[in-house]
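Just so it is clear, none of the values below were taken in a lab; they were calculated from the coordinates. Every value quoted in this text rests on a predicted model; they were computed, and no experiment measured them.
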Amino acid sequence: LAIKNNKLPPRPKIVEDEIEEKFLKGGRGPGGQKINKTNSKVQLKHIPTGIVVTCQETRSQDQNRKRAREILAANVQHALDPENSRQTIVQEWKHNKRASKKKKSRRKYRKLEEEKKKLQEQ
């Protein structure tokens, strides 16, 4: 894995010719009535893999386009190379951090228990 020196692999790039883009009227989420009247929801399809992503996080079509492309690139990278994808590496970092916290906590409480036993014996 590319975890050496805490470096992530570069952000994946997608060729624009491989993307099919649609703009849809939103359904749920932020934006109130405006979301029902404008085509701010973005749906991207990566033609070679068939992966479809929709994004409606904001009221802005441009921001949704940008965010949808980021999500699509990450999903395509994960589908093509799951071992070395950014998603896998970040998940592994989070898992290791969580495990380290648990281990530290166990050590701390084990040490406290040992100190209590020593005090009771005296």
Practice prompt. Only one of the values (1) -0.33, -1.03, -1.24, -1.33; (2) -0.52, -0.96, -1.05, -1.08; (3) -0.31, -0.92, -1.08, -1.15 was calculated from this structure for log10 I(q)/I(0) by the Debye sum over Cα atoms at q = 0.10, 0.18, 0.20, 0.21 Å⁻¹; name its label.
Written response: (2)
Response to the item:
Relative contact order of the chain (C-alpha contacts under 8 Å, at least 6 apart) in percent is 20 percent
Worksheet, complete the sentence: Whole-Hz Karplus couplings 3J(HN,Hα) for the range 76-91, θ = phi - 60° and coefficients 6.51, -1.76, 1.60, Gly and Pro as x, run 5, 4, 5, 5, 7, 9, x, 5, 10, 6, 4, 4, 4, 5, 5, 4
Worksheet item: Can you work out D for the range 35-92 in µm² s⁻¹ from Stokes-Einstein, where Rh is the Kirkwood radius over C-alpha pairs, the temperature is 20 °C and the viscosity is 1.002 mPa s?
Response: 174 µm²/s
